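Okay, structure first, notes after.
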Amino acid sequence: MTAYEEERKMEYVTSIERRGIKKGRQQGLQEGSAEIVLLQLHRRFGALDEASHAHISALPVEQLQELSVALLDFSTLSDLENWLQRHPLPSTLSGVGENGAVAQREPGT
């Protein structure tokens, strides 16, 4: 191959790799969104209890976006607690209890 052809060579990405990339991007977006919301809440109310922190960390992106807007109107921690009660975690999240606590798993399980 000439230098030009080598430069233009595109790497083949399988459908499985594309799904993995997409899932990684979605996870990164969710984690980043949760981190921003938690920072905003910490700035406004101080440290959150572990259950609230876990609940927020496990929320899907859409609910994190809703929370990021709603928290602008929160004046007390009760406002946050009420919001979290009205927005339970999706049942598809395994390892997360009703109160938002994330179950600890042993390595390899």
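The values are calculated or read from the model by the stated rules, or taken from the named source; none is laboratory data. Everything quoted here is computed from the prediction, not taken from an experiment. Heads up, the Cβs are rebuilt from the backbone with ideal geometry, glycines too, and the neighbour counts pull from every protein chain shown.
Summary of values
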| read-out | value |
| --- | --- |
| Residues being surrounded by fewer than 17 Cβ atoms within 10 Å (Cβ to Cβ), at pLDDT below 95 and among the small types (Gly, Ala, Ser) - total across segment 57-100 | 4 |
| Verdict on GLU17 being assigned to a helix (DSSP H, G or I), modelled with pLDDT under 95 and over 12 Å from the mean Cα position of the chain (by Cα) | yes |
| Filter result (within 19 Å of ARG86 (Cα to Cα) and aliphatic (A, V, I, L, M)) within segment 14-57 | ALA34, VAL37, LEU38, LEU41, LEU48, ALA51, ALA54, ILE56 |
| When residues of segment 44-93 are limited to those that are under 18 Å from GLY28 (Cα atoms) and of a type in the set (Val, Ile, Thr), the one farthest from the chain's Cα centre (by Cα) | ILE56 |
